[in-house]
Amino acid sequence: MTDLQQLMRLSQQFQAKMTELQQSLESTQLTASSGGGMVTVTVDGKGEIKRVQIDPTCVDARDVEMLEDLVLGAVREAQGKARAAYEQEMRRATGGLPLNLPGLPKLF
């Protein structure tokens, strides 16, 4: 078998792994909260927000800014978890190759 054929086979295997990774990230659900659980955000493995839950007791028309801060904090934390999960899966899929190679999908 020639080196080119081996390279093509490795490329196809890598593409299959990347497709599997994308599907896995779409089905992954990560949750984060702020304000002691007053605001909870759920994202998928790509960081897309899927659900926001707000405890009615923290809704105060006189302090909307606090609620905005709680939502922002929960979103940032959930997306950070998604980014870490993505990077971990990429390391596993690429066998530890650097994540900044040209042609690799970049979600974050």
In region 69-88, anything of a type outside the set (A, V, I, L, M), within 20 Å of THR28 (Cα to Cα) and modelled with pLDDT of 90 or more is listed as ARG76, GLU77, GLN79, GLY80, LYS81, ARG83
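Hey, any hits in region 70-79 for a residue that's surrounded by fewer than 16 Cβ atoms within 10 Å (Cβ to Cβ), within 17 Å of the chain's Cα centre (by Cα), in a strand (DSSP E or B) and of a type in the set (Lys, Arg)?
No - not one qualifying residue is present in region 70-79.
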What number of residues within region 32-68 are in contact with a Lys or Arg (Cβ under 7 Å, 6 or more places away or on another chain) and farther than 29 Å from GLN22 by Cβ?
-> 0
Which pairs do you get when a residue that is within 28 Å of GLU89 (Cα to Cα), found in region 34-58, comes within reach of a residue that is small (Gly, Ala, Ser) and assigned to a strand (DSSP E or B), reach meaning Cβ atoms under 7 angstrom, with the pair 6+ apart or on two chains?
-> VAL39/SER33; THR40/SER33; VAL41/ALA32
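Taking the options MET66, MET1, MET8, MET18, name whichever one is at pLDDT below 85, aliphatic (A, V, I, L, M), in a helix (DSSP H, G or I) and out of contact with any strand residue (DSSP E or B) (no Cβ under 8 Å at 6 or more places or on another chain).
Criteria check complete, one pass: MET18.
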Which numbered condition GLY36 misses (of (1) surrounded by 14 or more Cβ atoms within 10 Å (Cβ to Cβ); (2) on the phi > 0 side of the Ramachandran plot; (3) out of contact with any Phe, Trp or Tyr (no Cβ under 9 Å at 6 or more places or on another chain)) | (1)
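The values are calculated or read from the model by the stated rules, or taken from the named source; none is laboratory data. Remember, it's a predicted structure, so these values are computed and weren't measured experimentally. Methodologically, a virtual Cβ is constructed for each residue, glycine included, from the backbone with ideal geometry; neighbour enumeration extends over all protein chains shown.
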